[in-house]
1. Around B:Val173, which amide H atoms from residues at least 5 apart in sequence, or from another chain, sit under 5 Å from its own amide H, with H modelled in the peptide plane?
2. Among DSSP beta bridges whose residues both lie in the protein assembly as shown, state the antiparallel percentage, nearest 5.
3. Please report the net charge: other residues with Cβ closer than 14 Å to the Cβ of B:Cys127, K and R +1, D and E -1.
4. Could you work out how far apart the two model spin labels at B:Ser166 and A:Lys67 are, taking each label as a point 7 Å from the Cα in the direction of the beta carbon, and quote it in nm?
5. For chain B, what is the calculated [θ] at 222 nm in deg cm²/dmol (nearest 500), taking -39500 (n - 2.57) for each run of four or more DSSP H residues and dividing by its residue count?
6. Please list, in order along the stretch B:75-91, the HN-Hα scalar couplings obtained from phi with the Karplus expression 6.51 cos²θ - 1.76 cosθ + 1.60 (θ = phi - 60°), rounded to whole Hz, x for Gly and Pro.
7. Expected output is a single nm value to one decimal: the length gained when fully extending between A:Glu79 and A:Glu12, i.e. 0.36 nm times separation in residues minus the C-alpha distance. What is it?
8. At 1.002 mPa s and 20 °C, plugging the Kirkwood radius over alpha-carbon pairs of the protein assembly as shown into Stokes-Einstein gives what diffusion coefficient in µm²/s?
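Bear in mind these aren't lab numbers, they're just calculated from the coordinates by the rules spelled out. Keep in mind that what you see is a predicted model, and the values were worked out from it rather than measured. Here the Cβ positions follow ideal geometry from the backbone for every residue, glycine too, while neighbour counts run over all protein chains shown.
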Amino acid sequence: MSQTNQQGVPEELRQLVADVMDVEEESVTDEAHFIEDLGVDSLMALEIMVALEKRYRVKFTEPELRKITCMRNVYELLEAKQAGTGG
Amino acid sequence: MTGGSRGIGRAIVQQLAADGYDVAFCYRQSSGAAEEVARQVQEHGRRVFQQACDVADFSAVQHCLQEAEQALGPLSVIVNAAGIIRDSPLVLMDEEAWHAVIATNLTGTFNVCRNVIFNFMKRKSGCIVNLSSVAGVYGNPGQTNYSASKSGIISFSKALAKEVGSFGIRVNVVAPGAIDTEMVRQLDAKQAERLLQAIPLRRVGQAAEVADLVSFLVSDRAQYITGQTIQIDGGLSF
């Protein structure tokens, strides 16, 4: 993962999640709740998970699905996974 | 495949093996029958995994499915055929009879579907067929518990089909009528005659005919069918 914005979440990751959810990248703030704030379907978390697995060559487990609720959680989950400390 | 050692479940296992599937199936108690079914699968040149499993037990189902995947690889088709009866008029039915039937028939179906759905959704493919009954469609006196469980399977499956359709997963229900199994053979002559009079085709169905329908529903020929309940009952109506 390369360029980051001031919150630390890489732009590329934010763009990927925004594309999956079909929302504007600007609306995907670190803390914006995907369901409550961005109005996406609860199953969208699984779509995001699949996209992350494909792009970053990681594997998520079922319990981790519940953590995919906002950008910050996604970033932390992915970082842990890539560091080999998650899942 | 749950309930694969006897009756309709057994016929479905045999048909799926003939169709070219490797088959994993579970059964409750009849290990001798299960071994015979496993041999028949192997005679089709397919791999088989069989294990005793109480489908009413969520953890046992989870464990069984994990072992099945280790043995045969990722699962692509699920058929829930495990079912029991504890018949009684409601006024004489005890709580155990109610709970046992709901637990095996309906909760068992939930337990299996719940344990496979995550991987199906991640892979964006999968096919589920749940066995209901005409009792679940019309209600059958003396079987309030069985009718409720089989009716629950229908609505569960319809809801699930709507949830996961966008992930390429199909969920359908087969609702058999009177099929030539141990259950139907136990009827006395008078009951059997009354039953046949209620069936326009004037015969009971064969387990192989139900298996044929399941075979179709899980195949590529049924790619645009989901959320449906198909009765296979010779035209029977209550």
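1. Under 5 Å from the amide H of B:Val173 lie the amide H atoms of B:Asn130, B:Gln228, B:Thr229, B:Ile230, each far enough along the sequence or on another chain.
2. The answer is about 5 percent antiparallel.
3. The answer is +2.
4. Between B:Ser166 and A:Lys67, the label points sit 2.5 nm apart.
5. Calculated from helices alone, the mean residue ellipticity at 222 nm is -14500 deg cm²/dmol.
6. Result, ordered by residue: 7, 10, 9, 10, 10, 9, 10, 5, x, 10, 10, 9, 6, 5, x, 4, 4 Hz.
7. 22.7 nm
8. 98 µm²/s
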